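Right, one structure below, let's go through it.
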Amino acid sequence: MLSIQNLHASIEDKKILNGIDLQINAGEVHAIMGPNGSGKSTLASVLAGRNDYEVTYGSVEFDGVDLLEMSPEERAREGLFLAFQYPIEIPGVSTTNFIKTAVNETRKHRGLEPLDAVAFLKLMKERMKLVKIDQSLLSRSLNEGFSGGEKKRNEIFQMAMLEPKLAILDETDSGLDIDALRIVADGVNTLKRADNAVLLITHYQRLLDYIVPDFVHVLYNGRIVKSGGKELALELEERGYDFIKQEVAEEV
Amino acid sequence: MSLVETIQDKYNELNTFAGNGLLGSMREKAFEKYNKSGIPTSRHEEWKYTRLTSLANKNFELNATAILPSDEVLNSIRLQTEYAAELFFINGVFIKEISSFQNDAMVVLPLNEAAESEHKNYLHQHLNQSSKYMKDGMNALNAAFTANGLFVLIKKDKVVDKPIIIYHLTDTTDDNVFVQPRSLFVIEENAQVQLIELYKNNGLQESFTNEVIEIAVHENAKLEYYKVQDETENCHHVGTTHVQQVGKCFTHCVTVTLNGGTIRNNINMILEAPNNEGHLYGLYMVDGKTHVDNHSIVDNVMPNCFSNELYKGIMEGNSTGVFNGKIYVRQDAQKTNAYQSNKNVLMSDTASVNTKPQLEIYADDVKCSHGCTVGRLDNEALFYLRARGIDEKQAKALLLNAFASDILEQVKPEALRTYIGKKINERLNIDEL
């Protein structure tokens, strides 16, 4: 589904990604871990199309098409979803209207009729239960005055509404207490299907207790330096990132 | 003939025709004052960014009477709503015949009739109060030609439950016109009223409006005032709204500029009694070559007054904006709370805004704050919306709509809010949100 080859990216002449190779297939859950500053969030941003970053080398194919050629909205409509690490507060834009616009833009792209008010509300009610999000939140301005946990749940709620092929969760676990984490994880697990995939970006192994990955990759200095199964995450939790840094140093 | 010459030419004609009395002596003094100061140039500090010289040199007709527009034209400018009174100014002249104001909560008279009526004391008390604050030639020029303006009295204890709507129509089908509407509103004790001024035009020639409206609000009364400018680029406007809070009262004023040529809005809020409360809001959303200048004065004369001011601007194309907000806190005005904010979004490289807060505080126990911003749309917010599949244009529209919404929601009459909301959406090219 997603094929990243030798991806290099920089911001204002500072190199952040130094040759990433990653293959994600339908039905898989991948986790990317790594110390601060290793390039995790940059990877998420580059995939979602944030224009602060310049891709200097490499390619990304999403279902056989060149992802890097597409605008952020085209990527979203093609089924790529980024759950933001820091969801933006947008006063004056109603959450419900925003999601309705987003859903219908995606439907239009897929050649489907827009949902009418009744069908939209029905879908919304159903998906709200999934992330235990309250109606009162959705009638407010987008993320305005939401707590950290509410913002993250709203991200997963949007994911549930948009039904992406590939969901990238950028440190969705940060700032969540254990109950909120469980709700978010339950939501993601429920939405998991054989024809979609999830890329989790996280610092901590904690999230992976709830969303079990098929593959774990360690990102360091803008490269994937180690890949393995879910047991790699446990090893990292136990030994910290230092042993990875050491291994990398020894290779050089 | 230039406008400056036409003014000299027409003054005597009008003055003779309009007779003496209260208005006559006001005209005379004002004309003298006008002759001393003339039409302001950009050398005048208050007019640094708003240039009238080229208008002053242009040919404009100046007439004391107006040709009535067709019913079709009148209907096309009407708001779809119920009203307590519907008052028409056609080319600056109040036309009683086509206005309707059958309502026992109010008295409506042409200003010259009011000057001879039982209400003439109110004219003595409140007419031309704005000249104390507006020292430039434009204010004097309006007073120098005041004859057939509008006088409205909202009677004591009356709550007018539907809005009073003043339609200003400039008809420029044949000639360039210079028009000078003049109104005096007196809101008596415990009365409440919503007043709307809507500016529309018809025709392709140029118009130049020089308006003065004075509103005196008495003890415990409540005023909502809305000024909505929706003319085309060939229409220029200098207008002063002077709100005198005579007794402890509440006022809420919103100025919305959707389109026009060169526009200068002065709004003065004079808090003359203790414990007064006043709110000023403004939204300007302009494009092309439109120039919009909002000058406000909030004068805290007595203690314990509260004022809040928020103006927002969306500037596209080559438009230029000015915000100048003066707050005076006089020596006796202890415990004043006065807040002011001006926020602007520039949507093009060629649009610009000059914003200037100006606070003069002579009391020592007050709370005042001011702030202004000029910037572009938030890129992070834009990216967030686009990352959900909303295209760039629509995402911008959503954000601008949101930016404007906190002024729009200050427009309480539903029909007017819908009207403005629709105009904003049309401009942003969005169907419904």
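The values are calculated or read from the model by the stated rules, or taken from the named source; none is laboratory data. Just so you know, these numbers come straight off a predicted model, no measurement behind them. Cβ: placed from backbone, ideal geometry, glycine included. Neighbour counts: every protein chain shown. Side chains are part of the model used for accessible areas, which takes the heavy atoms of the whole protein and leaves out ligands, DNA and RNA. Shrake-Rupley method; radii C 1.70, N 1.55, O 1.52, S 1.80 Å.
Each residue of the stretch B:79-95 in order: what ³J(HN,Hα) in whole Hz does its phi give by Karplus 6.51 cos²θ - 1.76 cosθ + 1.60, θ = phi - 60°, with x for Gly and Pro?
6, 7, 7, 6, 9, 8, 7, 10, 10, 10, 9, 10, 6, x, 9, 6, 10
May I ask which of B:Lys289/B:Lys422; A:Lys192/B:Lys393; A:Lys100/A:Lys230; B:Lys248/B:Lys335 have a Cα-Cα span longer than 25 Å here? Kindly include the intermediate steps, with their values, before the conclusion.
Details: B:Lys289/B:Lys422 22 Å; A:Lys192/B:Lys393 33 Å; A:Lys100/A:Lys230 37 Å; B:Lys248/B:Lys335 15 Å.
Over 25 Å apart, Cα to Cα: A:Lys192/B:Lys393; A:Lys100/A:Lys230.
Relative contact order for the stretch B:327-388: what is it in percent, counting Cα pairs under 8 Å that are at least 6 residues apart? Numbers along the way, then the final one.
Numbers: 79 pairs, mean separation 28.0, N = 62.
After rounding, I find 45 percent.
Could you compute the net charge surrounding B:Gly203? Neighbours are other residues with a C-beta less than 10 Å from the C-beta of B:Gly203; K and R count +1, D and E count -1.
Charge balance in the 10 Å sphere: -4.
Hey, which aspartates and glutamates would be in cross-link range of B:Lys412, C-alpha to C-alpha under 17 Å, not counting anything within fewer than 8 residues on its own chain?
B:Glu82, B:Asp161, B:Glu197, B:Glu224, B:Glu309
Just to verify a number: FRET efficiency for A:Leu115 and B:Asp378, C-beta to C-beta distance, R0 = 25 Å, to 0.05? Don't jump to the answer; show the numbers that get you there.
Values: r = 28 Å, r/R0 = 1.13.
It comes to 0.30.
Under the rule of at least 5 residues apart or a separate chain, name every residue whose amide H is placed under 5 Å from the amide H of A:Ser71.
none
For a label point 7 Å from the Cα of B:Met1 along Cα→C-beta, name the residues of the stretch B:9-37 whose backbone N is under 12 Å from it.
Label zone hits: B:9-14.
With each label point set 7 Å from Cα along the Cα-Cβ vector, what nm distance links A:Asp242 and A:Val212?
The modelled label-to-label distance comes out at 3.2 nm.
Hey, got the dipole for chain B? About the Cα centre, +1 on K and R Cβ, -1 on D and E Cβ, debye to the nearest 20? Present the calculation step by step, with values, prior to reporting the outcome.
Numbers: 42 positive and 56 negative charges, 191 e Å.
Computed charge dipole of chain B: roughly 920 debye.
Checking the cross-link filter: which lysines have an alpha carbon closer than 17 Å to that of A:Lys40, excluding same-chain neighbours under 8 positions apart?
The reachable lysines, counting only those whose Cα sits under 17 Å from A:Lys40, are A:Lys14, A:Lys15, A:Lys226, A:Lys245.
Residues with amide H under 5 Å of B:Leu283's amide H, sequence separation 5 or more or different chain, H placed in the peptide plane at 1.01 Å from N; which?
Under 5 Å from the amide H of B:Leu283 lie the amide H atoms of B:Thr255, B:Val256, B:Thr257, B:Lys312, each far enough along the sequence or on another chain.
For every other residue with a beta carbon closer than 15 angstrom to the beta carbon of A:Lys132, add +1 if it is Lys or Arg and -1 if Asp or Glu, then tell me the sum. Let's see the in-between values first.
Values: positive: A:Lys125, A:Arg127, A:Lys129, A:Lys151, A:Lys152, A:Arg153, A:Arg182; negative: A:Glu126, A:Asp134, A:Glu150, A:Glu155, A:Asp177, A:Asp179, A:Asp186.
So the surrounding residues net to 0.
Where the centroid of each part is defined by its Cα atoms, how far is the stretch B:89-159 from the stretch A:85-115 in Å?
Taking the Cα centre of the stretch A:85-115 as reference, the centre of the stretch B:89-159 is 51 Å away.
Under 11 Å from a label point 7 Å along Cα→Cβ of B:Glu113: give me every residue in the stretch B:140-180 with its amide N that close.
Only B:151 pass the distance filter.
Would you mind checking which residues have amide H under 5 Å from B:Tyr226's amide H? H placed 1.01 Å from N; only 5 or more apart, or other chain.
Here the answer is B:Leu195, B:Ile196, B:Glu197, B:Val254, since their amide H atoms fall under 5 Å of that of B:Tyr226.
If you average the sequence gap of Cα pairs under 8 Å that are 6 or more apart and divide by the length of the stretch A:1-129, what percent do you get for the contact order? Mind showing how you got there, number by number?
Values: 139 pairs, mean separation 28.0, N = 129.
This gives 22 percent for the stretch A:1-129.
For the protein assembly as shown, what is the charge dipole size about the Cα centre, in debye to the nearest 20, if Lys and Arg each add +1 at the Cβ and Asp and Glu each add -1 at the Cβ? It would help to have the intermediate numbers written out before the result.
Details: 71 positive and 96 negative charges, 151 e Å.
It works out to roughly 720 debye.
Treat the stretch B:3-273 as a sphere of radius equal to its Kirkwood radius over Cα pairs and apply Stokes-Einstein at 37 °C in a medium of 0.692 mPa s; give the translational diffusion coefficient in µm²/s, rounded to a whole number. List each step's numbers first, then the result.
On the way: Rh = 18.6 Å.
For the chosen part, D equals 176 µm²/s.
Using a 7 Å offset from the Cα along the Cα-to-Cβ direction at both B:Ser352 and A:Ala194, what is the distance between the two label points in nm, to one decimal?
6.5 nm
Let me know the shape class of the protein assembly as shown, please: from the alpha-carbon gyration tensor, a ≥ b ≥ c as square roots of the eigenvalues, rounded when a/c is under 1.5, otherwise prolate if a/b is greater than b/c, or oblate. Don't skip to the answer; put the middle values down first.
Values: a/c = 2.60, a/b = 2.54, b/c = 1.02.
Since a/c reaches 1.5 and a/b is larger than b/c, the shape of the protein assembly as shown is classed as prolate.
For chain A, with a Gaussian network of springs between Cα atoms less than 10 Å apart, report the residue from A:Val65, A:Val118, A:Val55 with the top mean-square fluctuation.
So, out of A:Val65, A:Val118, A:Val55, the one fluctuating most is A:Val118.
How large is ³J(HN,Hα), in whole Hz, for each residue of the stretch B:337-345 in order, when computed from phi with the Karplus curve 6.51 cos²θ - 1.76 cosθ + 1.60 and θ = phi - 60°, using x for Gly and Pro?
Result, ordered by residue: 10, 9, 10, 8, 8, 9, 10, 10, 10 Hz.
Run the helix sum for chain B: -39,500 (n - 2.57) per DSSP H stretch of 4+ residues, divided by residue count, reported at 222 nm to the nearest 500 deg cm²/dmol.
Working: 10 runs with 103 residues, N = 433.
Helices in chain B give a 222 nm mean residue ellipticity of -7000 deg cm²/dmol.
Sorting B:Arg43, A:Arg239 by accessible area (1.4 Å probe), largest first, what list results?
Details: B:Arg43 205, A:Arg239 130 Å².
Result of the area sort, largest leading: B:Arg43, A:Arg239.
According to the square roots a ≥ b ≥ c of the eigenvalues of the Cα gyration tensor, what is the shape class of chain A, taking rounded for a/c under 1.5, prolate for a/b larger than b/c otherwise, and oblate for the remainder?
Prolate, because a/c is 1.5 or more and a/b exceeds b/c.
If the cut-off is a Cα-Cα distance under 28 Å, which lysines reach B:Lys10, setting aside same-chain residues fewer than 8 apart in sequence?
The qualifying lysines are B:Lys29, B:Lys33, B:Lys36, B:Lys58, B:Lys96, B:Lys120, B:Lys132, B:Lys135, B:Lys200.
Estimate the FRET efficiency between B:Ser369 and B:Lys48 by the formula 1/(1 + (r/R0)^6), using the beta-carbon distance for r and 22 Å for R0, to the nearest 0.05. Can you show the working numbers first?
Details: r = 25 Å, r/R0 = 1.12.
That gives a FRET efficiency of 0.35.
How high is the relative contact order of chain A, in percent, with contacts defined as C-alpha pairs under 8 Å that are six or more residues apart? Let's see the in-between values first.
Details: 447 pairs, mean separation 68.7, N = 252.
Worked out over chain A, it gives 27 percent.
Given points 7 Å out from each Cα along the Cα-Cβ axis, report the B:Asp175 to B:Ala64 separation in nanometres with one decimal.
Distance between label points: 1.5 nm.
Can you tally the net charge around A:Pro87? Count Lys and Arg as +1, Asp and Glu as -1, for every other residue whose Cβ sits under 15 Å from the Cβ of A:Pro87. Intermediate results must be reported in sequence, preceding the final value.
Details: positive: A:Arg50, A:Arg140, A:Lys151, A:Lys152, A:Arg153, B:Arg386, B:Arg388; negative: A:Glu89, A:Glu144, A:Glu150, A:Glu155, A:Asp170, A:Glu171, A:Asp173, B:Asp378, B:Glu380.
With Lys, Arg at +1 and Asp, Glu at -1, the net is -2.
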